[in-house]
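Written below as structure tokens is the structure these notes are about.
Coordinate-derived values only; no laboratory data. Since the structure is predicted, the reported quantities are computational estimates derived from the model, not experimental observations. A quick note on method: Cβ atoms are made from the backbone with ideal geometry, for glycine too, and the neighbour counts reach across all protein chains shown.
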Amino acid sequence: MAESAVDSLIRQLADGRFHSGERLASLLGVSRTAVWKHMQKISRDTGLEIHAVRGKGYRLALPLELLDAERIARHIRSGSSAGPVIEVHPSLPSTSNHLAERLGELSDNTLCFAEHQTAGRGRRGRQWISPYGTNLYFSIYRRFPLGMHELSGLSLAVGAVVAGTLSHYVDGISLKWPNDLLVDGRKLAGILVDVHGIAEGPVDTVTGIGLNLRMPRLSGDEIDQPWIDLESVAGREFSRNELAAELSLAVLEAFETFNGSRLAAWMEAWRRYDNWHGRQVQLVRGERVVSGIHAGVANDGSLRLEVDGRVEHFHSGEVSLREGGNHERV
């Protein structure tokens, strides 16, 4: 697919240095007025802050490390013999939806990245705020020769793998059932697994991962719950391409293990990162709210909740802390 004028301009500006309007116009084969209009569109559509200075030209307020499919593939190959198909898109409504629309034509382990999402999906229909070129948003397609009931713990396995990978860089990561990663009660990353197929299998899966890596302040103001990003808590910068490859490789390797062991291989890790065990919580299931003691996660991935002295199992819902009788979403 040919690169659009807007995408080409962002790529030119990614280094954070000034670029003259004359040079950019020559590069695109358009007028300087057209360049100015494109800059307005970039600011409006992506939220990127662009400085325009007479006599110097245009530059981004902060440089970007844009994603590069070949660079990601090279890092993955250096750690494994895995050879996934990698797509990098400037902008998509949703990486998961983009894969789900093409299930019949995809190869196993197709990775889809986007610099920006206009309709990224979180849990319970929430939007995943996806500013341009700063965080990571990607989805992975995989067909499993398993029945749907055997895949019930896949999102937990992926959560444990992502938590283990990020724990190399930060302390205090916790997992909130079924698929959120938090630090100090603030969301760092989320995982959403969509399954497509028949009950007895095989099943097509699309696993979406969103990681707050370097969240711009204005974009963070749009998030309706406490959040944190990796660079602020780690106190260092990261290569987006290298981290994208590291996380992708960890999840791809987990898929291989999941085919044989299901969730069992990750239960110890999940329980190690589960800071809610033994605490009073509320489980929100649509209009119904169930209060009880978090009694851990069962081997099939269900939440064990002690309600009125009896342990019940739940396969869906959203866990919230119950502090002093208040309903606190985390």
Mean separation of Cα contacts under 8 Å, 6 or more apart, over the residue count of region 5-60: relative contact order % = 44
remark   = The summed charge of the ARG71 Cβ neighbourhood (under 15 Å; Lys/Arg +1, Asp/Glu -1) stands at -3
query = What fraction of the DSSP beta bridges in the chain is antiparallel, stated in percent and rounded to the nearest 5?
reply = 90
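Roughly how compact is region 5-60, stated as its Cα Rg over 2.2 N^0.38 Å to two decimals? Walk me through the numbers before you get to the answer.
Values: Rg = 9.8 Å, N = 56, 2.2 N^0.38 = 10.2 Å.
Here the Cα radius of gyration is 0.97 times the empirical estimate.
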task = Set the Förster distance to 41 Å, then compute FRET efficiency between HIS315 and ALA69 from the Cβ-Cβ distance, nearest 0.05.
result = 0.70
remark   = Listed residues SER155, SER91, SER31; largest mean-square fluctuation, Gaussian network over the chain with Cα springs below 10 Å, found at SER31
task = May I ask you to derive the FRET efficiency for HIS51 and TRP227 from their Cβ-Cβ distance with R0 = 30 Å, giving the value to the nearest 0.05?
result = 0.65
ask   = Based on DSSP H runs of at least 4 residues, each adding -39500 (n - 2.57), what is the mean residue ellipticity at 222 nm of the chain after dividing by all its residues, to the nearest 500 deg cm²/dmol?
value = -9000 deg cm²/dmol
query = Residues with beta-carbon under 10 Å from that of HIS313, excluding HIS313: net charge, scoring Lys, Arg +1 and Asp, Glu -1?
reply = -1
key: Counting all C-alpha pairs of region 1-109, share separated by more than 16 Å (%)   = 66
query = If the cut-off is a Cα-Cα distance under 30 Å, which lysines reach LYS41, setting aside same-chain residues fewer than 8 apart in sequence?
reply = LYS56
request  = With a point put 7 Å past each Cα toward its Cβ, work out how far ASP184 is from ARG288 in nm, to one decimal.
outcome  = 3.7
task = Give the residue from LEU67, LEU181, GLY317 lying farthest towards the positive end of the charge dipole for the chain; charges sit on Cβ (+1 for Lys and Arg, -1 for Asp and Glu) and the dipole is referred to the Cα centre.
result = LEU67
query = Once the Cβ-Cβ distance between LEU27 and THR118 is put in as r, and R0 is 30 Å, what FRET efficiency do you end up with, to the nearest 0.05?
reply = 0.70
query = On a 0 to 90 degree scale, rounded to 10, what angle separates helix 154-166 from the longest Cα axis of the chain?
reply = 60
request  = Please determine, in degrees from 0 to 90 and to the nearest 10, the orientation of helix 69-79 with respect to the longest principal axis defined by the Cα atoms of the chain, where the helix direction is its Cα long axis.
outcome  = 50
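Please grab the % of Cα pairs in region 276-328 that end up more than 15 Å from each other.
That tail contains 39 percent of the Cα-Cα pairs.
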query = What is the Cα convex hull volume of the chain when expressed per residue in Å³?
reply = 147
request  = Please report the relative contact order for region 147-220, taking Cα pairs under 8 Å with a sequence separation of at least 6, and give it as a percent rounded to a whole number.
outcome  = 28
query = If you rank TYR137, TYR273, TYR58 by fewest surrounding Cβ atoms within 10 Å, what's the result?
reply = TYR273, TYR58, TYR137
query = What angle do you read, to the nearest 10 degrees and between 0 and 90, between the alpha-carbon axis of helix 240-261 and the longest principal axis of the chain?
reply = 30
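Using Cα-Cα distances under 8 Å and only pairs 6 or more residues apart, what relative contact order does the chain have, in percent? Mind showing how you got there, number by number?
Working: 632 pairs, mean separation 45.3, N = 330.
Over the chain, the number comes to 14 percent.
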